[in-house]
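Accompanying notes for the structure given below.
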Amino acid sequence: MSRSFDDQHGTFVPLPDRHWQQLGIVLSDSCKEEADCLLEQGIEQYQIRNFAAALATLQRSLELYRSIQDFSGKGKALGALGLIFYALGNYPDAIACSRQSLDIAQRFNDQGLERQSLANLGNAYRHLNDHSRAIDYKQKSLALARAANDRRGEMAALNNLGMAYKAIDDCWQAIDYYEQSLTIARELNDRALEGQILRNLGNAHHALANYAKTVDCYEQLLLIARQLPDYQSETQILKNLASACYATGDFHKAIEYHQQRLDLARKQNDRRSEEQVLENLGVIYEGLGNYQQAIECYEAHLTVAQALQDHQLMQQAIANIKTLCYAIGDYAKASRY
């Protein structure tokens, strides 16, 4: 496994440092052997997102490293624990562990662990809205990655810096970092990470109301999502594309993307997405003065709302239908609702 990704927040999370296997350490002490095995097991549990088990395993590993005063092992266990606490949303403990691992890494000149610790500190501080510290740690992580010619680490640091600057509404600086990160992702031919950076880049352009650029980013992202394939991502991308096209006044293109999302939702039997799309299509057709098409969408919306047994949506759909029936003078149809 070559990467880890925080799907909820769009952050690139460093993988736990495992290069202790490459240091030529002689595993002679049984206690150290057990600690090393637990460290390896905990990292594997983290990578398959079994965070509770990873937490328990790595805490046992840390205790053993402390008992034999193995500072190198202790630093790596603390670094991995910092990543797990970050994944669990426990940012204060993530910071506490990562600070300790950073101290050990700097003391023993372990640059891999140092980069990992700096990156995790930056990510955790961003979630605590301490953006100045977040940016400082991310800049240090970027500098180390560049010094080590670690292109993947550089890509992650640039993306995460972009997220930190977007959080303080400096979207132009965020875009600059995202574009640098995107260049490296394409150089590495990593389509999944390229897609995530395109998403972040599109969001930054959207925040600046630069909808044409937003559409461009999301159209590229849509191609990647369809190659993977990823239904959840594809349906969200189509939703965002329709929204951006609507914002630019390109209503026909917005309809096209909504229709693609509707087809996908029906294929996946996703009734909730289906009702959302039908309502949005009704609104667009109504705005275009195509009341008959709008009524058809609202009626389909009502059918889905009834299937979902969502009474609030049912009442809303009926109100939309009756309003348009009155608008076109079809009082008989309005009376049926």
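Consider the stretch 221-243 and keep the residues that are surrounded by 17 or more Cβ atoms within 10 Å (Cβ to Cβ) and hydroxyl-bearing (Ser, Thr, Tyr). The one that is farthest from Asp270 (Cα to Cα) is Ser243. Looking across Ile135, Ile104, one residue alone is part of a helix (DSSP H, G or I) and within 25 Å of Glu187 (Cβ to Cβ). It is Ile135. Looking across Asp150, Asp130, Asp169, one residue alone is more than 29 Å from Lys74 (Cα to Cα) and out of contact with any Asp or Glu (no Cβ under 9 Å at 6 or more places or on another chain). It is Asp169. Just checking, does the stretch 241-250 include any residue being touching a helix residue (DSSP H, G or I) at 6+ places or on another chain (Cβ under 7 Å), closer than 28 Å to Ser132 by Cα and either assigned to a helix (DSSP H, G or I) or without any contact (Cβ under 8 Å) to a residue 60 or more places away in the chain (or both)? No, the stretch 241-250 has no match at all.
Computed from the coordinates by the stated procedures, all read-outs in this text should not be read as laboratory data. Note that the structure is predicted; figures quoted are calculated from it, not measured. Heads up, the Cβs are rebuilt from the backbone with ideal geometry, glycines too, and the neighbour counts pull from every protein chain shown.
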